[in-house]
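I have placed the structure first, in the form of structure tokens, so that the comments after it can refer back to it.
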There are 2 protein chains.
Amino acid sequence: MTSQNPLLAIDLGGSKIVTALVSPDGEIMARDYTLTLPEEGTEAVIERMLAAIDSVTSKMNMSLSLFSNIAIAAAGAIDSEKGIVTASPNLPGWLDVPLKEIMEKALGLKTFLINDASAAALGEHYFGAGRGISNLIYITVSTGIGGGIIIDGKLYLGVSGSAGEIGHMTIDINGPRCNCGNIGCLEVLASGKAVAREAQRLIARGSKTIMLELAEGEPQNISAQTVSAAAQKGDTLALAIIFKAATYLGVGIVNLVNIFNPEMIIVGGGMAQMGKMLLAPARQVVAERAFQLPAQRVRIVPNQLGENAGVLGAAAFVQKLAKPL
Amino acid sequence: MTSQNPLLAIDLGGSKIVTALVSPDGEIMARDYTLTLPEEGTEAVIERMLAAIDSVTSKMNMSLSLFSNIAIAAAGAIDSEKGIVTASPNLPGWLDVPLKEIMEKALGLKTFLINDASAAALGEHYFGAGRGISNLIYITVSTGIGGGIIIDGKLYLGVSGSAGEIGHMTIDINGPRCNCGNIGCLEVLASGKAVAREAQRLIARGSKTIMLELAEGEPQNISAQTVSAAAQKGDTLALAIIFKAATYLGVGIVNLVNIFNPEMIIVGGGMAQMGKMLLAPARQVVAERAFQLPAQRVRIVPNQLGENAGVLGAAAFVQKLAKPL
């Protein structure tokens with residue numbers, strides 16, 4: 001085996017698991033997509049991850065013995081050194097799960113674990129919107145909100161590997177409690193979950209909207225995608241909900257702009273597919289509220305790699321860390 | 001002149017100007033302290049800075065011609081490259097002031113300009129509470145709230161030199177407007193100014209307190225120091241006001257802990273003199289709300305250099321940047 005062999009990478013999110021064989025220059029050679037369904041428990045999710053690895057290696061007709069490493073990006077607070085998912089607001093039940101140890105036993109491959117948003121930041125930095133940018137922050141707005149910080153061209157992980165939890169900054173001290181235990185976090189106000197919850201709340205109060213129709217009359221079926229679809233059809237309530245979430249996102253970005261004075265902020269995750277509907281109000285808030293100097297300097301852009309950012313970044317992370325055989 | 005000559009450094013804050021001759025190993029050889037009185041205008045403040053330089057050089061019987069550089073730490077958003085104070089919530093009227101150019105003309109010395117809290121972060125990192133710590137955040141809680149970020153042993157300044165404005169992160173999206181134009185900033189809730197304002201507000205509403213007596217019956221004379229003095233005498237209202245500010249500070253620190261996963265957070269500035277009264281509730285909030293992994297890892301400590309952190313850090317900044325003659 002040479003260092004030109006593909007890398008195995010998994011992106012374990014709150015909603016979906018993306019598994020891929022990635023070439024050293026960042027090409028996806030085989031890919032598996034499956035829902036996470038975290039409510040079925042840790043073991044069921046790990047079984048799905050193992051099946052996905054089987055699926056992508058089979059697609060390329062490669063046996064596991066051809067690999068030496070596997071890169072896993074996981075949603076939540078990760079202890080990268082120990083390879084533990086210490087807590088994960090969007091993977092309920094994942095408390096101090098020694099994922100590195102579990103995967104090494106199951107696969108016989110050296111396992112590297114990083115936070116999913118950190119991985120996506122690396123992916124966008126090496127292969128996507130952030131190529132050539134040394135100081136950037138990647139924000140993923142999906143089920144939850146996560147982040148990855150690139151400083152001087154390197155992933156900044158903090159003293160124990162958990163840096164970048166920008167979804168869990170309080171922006172509304174009197175706001176609702178977040179899954180993470182903190183109060184009024186950006187995530188509880190602007191994530192996909194927050195948008196769906198707000199739609200359900202307003203519909204329960206009798207607001208008129210086509211969302212109910214799109215969800216086949218079942219309010220609990222309304223997701224961020226439903227809100228987005230309704231907004232694209234001009235539904236006033238859906239537009240207002242997205243505008244509010246985008247404003248919260250803008251406030252979070254203001255905080256990052258004032259603190260980091262970054263060259264670029266990349267917005268990814270499922271919600272980023274809303275495009276200008278999300279980014280335009282957020283940019284407006286930054287122009288109005290952030291310090292002028294950093295606000296004029298920063299570019300706030302959509303991601304380029306979509307759902308592949310996590311696996312591409314995780315693969316790049318391991319490629320830089322691991323010595324080729 | 002050798003590189004062992006002392007350095008000239010000024011710390012221009014919203015309340016006070018500290019000017020010093022600093023030895024290369026971080027000893028203060030001569031020092032001048034004067035009030036800033038920014039309400040008298042930019043020119044008056046610059047006159048005071050020039051007089052202070054005269055004062056410290058005279059104390060050591062040294063002429064300006066013996067120096068080649070001067071280091072200035074200033075409160076506000078600084079464009080370090082251009083040497084401009086672009087905006088400063090606590091130096092009203094300072095908008096795009098080309099301080100580097102002004103001082104170079106007045107003194108004939110190469111002038112280096114950085115943010116005051118960034119300078120203090122460097123000071124504490126080289127000579128104070130943060131010696132040997134590579135990843136730390138310094139928070140100054142005084143008239144305003146500022147910050148300095150040390151990453152991998154280096155001051156992180158962002159792409160245009162204005163990083164570290166942690167006092168201007170929104171933590172209460174429905175809170176009061178801040179001098180900086182943003183809403184519900186940490187500074188407008190937990191700074192010395194905020195504490196004094198809150199005391200005045202509650203007294204105007206008829207709350208009982210010894211603060212009025214300490215301020216000789218004049219509510220407008222009540223400062224953060226008055227609140228602190230009253231709290232030390234057990235005044236319930238003063239204690240409650242400080243507890244509230246400390247809680248806000250804790251929320252700000254939670255955000256930084258979740259985002260940076262730093263090894264240490266150093267709290268300095270005038271309010272830090274309140275000691276445990278300020279730090280204990282803030283630490284409690286961090287323990288309760290931040291992600292467990294980074295919360296358990298971080299040490300939240302008081303500063304060690306007091307009012308000298310800024311001049312010591314500014315001197316160190318220039319010492320590292322400037323080649324010795």
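Figure legend. Inter-residue proximity from region B:168-189: first residues of a type in the set (G, A, S), second residues crowded, with 24+ Cβ neighbours inside 10 Å and at pLDDT 95 or above, beta-carbon distance below 7 Å, spacing 6+ or different chains. Indicated pairs: B:G175/B:V188; B:G175/B:L189; B:G181/A:R289; B:G184/B:T170; B:G184/B:I171.
Checking the structure you have, find out if any residue of region A:305-322 is within 10 Å of chain B (Cβ to nearest Cβ) and either surrounded by fewer than 24 Cβ atoms within 10 Å (Cβ to Cβ) or closer than 21 Å to A:A163 by Cα (or both). Within region A:305-322, none of the residues are within 10 Å of chain B (Cβ to nearest Cβ) and either surrounded by fewer than 24 Cβ atoms within 10 Å (Cβ to Cβ) or closer than 21 Å to A:A163 by Cα (or both). Here the condition is being farther than 21 Å from B:V257 by Cβ and within 14 Å of another protein chain (Cβ to nearest Cβ); of A:A246, A:A229, A:A224, it holds for A:A246 alone. Restricted to region B:79-134, and to residues that are over 19 Å from the mean Cα position of the chain (by Cα) and of a type in the set (S, T, N, Q), which residue is surrounded by the most Cβ atoms within 10 Å (Cβ to Cβ)? Only one residue fits best here, namely B:T111.
Scanning region B:59-78 for residues that are buried (at least 23 other Cβ atoms within 10 Å of the Cβ) and either within 14 Å of another protein chain (Cβ to nearest Cβ) or at positive phi (or both) gives B:A74, B:A75, B:G76, B:A77, B:I78.
Just to verify a result, which residue in region B:157-178, among those that are of a type in the set (S, T, Y) and modelled with pLDDT under 95, is nearest to B:G252 (Cα to Cα)? Ranking the qualifying residues of region B:157-178, first place goes to B:S162. Residue count for region A:1-43 satisfying the condition of being of a type in the set (D, E, K, R) and within 18 Å of the chain's Cα centre (by Cα): 4. Residues considered: B:V257, B:V267. Of these, the only one that is assigned by TED's automatic domain parsing to the domain that holds B:I149, surrounded by 22 or more Cβ atoms within 10 Å (Cβ to Cβ), in a helix (DSSP H, G or I) and modelled with pLDDT of 95 or more is B:V257.
Checking each residue in region A:284-296 for being surrounded by fewer than 20 Cβ atoms within 10 Å (Cβ to Cβ), modelled with pLDDT of 95 or more and not hydrophobic (A, V, I, L, M, F, W, C) picks out A:Q284, A:E288, A:Q296. Condition (residue is in contact with a Phe, Trp or Tyr (Cβ under 6 Å, 6 or more places away or on another chain) and more than 8 Å from chain A (Cβ to nearest Cβ)) applied to region B:125-132: is it met by at least one residue? Scanning region B:125-132 turns up no residue that is in contact with a Phe, Trp or Tyr (Cβ under 6 Å, 6 or more places away or on another chain) and more than 8 Å from chain A (Cβ to nearest Cβ). The set of residues in region B:137-166 being more than 9 Å from chain A (Cβ to nearest Cβ) and either of a type in the set (V, I, T) or more than 22 Å from B:A316 (Cβ to Cβ) (or both) consists of B:I137, B:I139, B:T140, B:V141, B:T143, B:G144, B:I145, B:I150. Within region B:40-66, residues that are among the polar types (S, T, N, Q) reach partners that are part of a helix (DSSP H, G or I) and surrounded by 17 or more Cβ atoms within 10 Å (Cβ to Cβ) with beta carbons closer than 8 Å, at six or more positions or on different chains, in the pairs B:S63/B:T57. When we screen A:V97, A:V56, A:V45 for residues that are within 14 Å of chain B (Cβ to nearest Cβ) and modelled with pLDDT of 95 or more, the only hit is A:V97. Only residues that are farther than 25 Å from B:N258 by Cα and either of a type outside the set (A, V, I, L, M, F, W, C) or in contact with an Asp or Glu (Cβ under 7 Å, 6 or more places away or on another chain) (or both) were counted in region A:65-100, giving 3. Is it the case that B:A30 is surrounded by 16 or more Cβ atoms within 10 Å (Cβ to Cβ) and in contact with a strand residue (DSSP E or B) (Cβ under 9 Å, 6 or more places away or on another chain)? In short, yes.
For region B:33-48, the count of residues that are surrounded by 17 or more Cβ atoms within 10 Å (Cβ to Cβ) and of a type in the set (K, R) is nonzero. Applying the selection to region A:167-197, what residues are more than 14 Å from chain B (Cβ to nearest Cβ) and crowded, with 21+ Cβ neighbours inside 10 Å? A:S191, A:G192, A:K193, A:V195, A:A196 - these are the residues of region A:167-197 that are more than 14 Å from chain B (Cβ to nearest Cβ) and crowded, with 21+ Cβ neighbours inside 10 Å. Does A:A117 fit the bill of being modelled with pLDDT under 95 and under 12 Å from A:I266 (Cα atoms)? Yes; evaluated as a whole, the condition is true for this residue. Total residues in region B:198-212 satisfying the condition of being free of Cβ contacts under 8 Å to residues at least 40 places away in the same chain and crowded, with 24+ Cβ neighbours inside 10 Å: the figure is 1.
The values are calculated or read from the model by the stated rules, or taken from the named source; none is laboratory data. If you're wondering where the values come from, they're calculated on a predicted model, not measured in any experiment. Methodologically, a virtual Cβ is constructed for each residue, glycine included, from the backbone with ideal geometry; neighbour enumeration extends over all protein chains shown.
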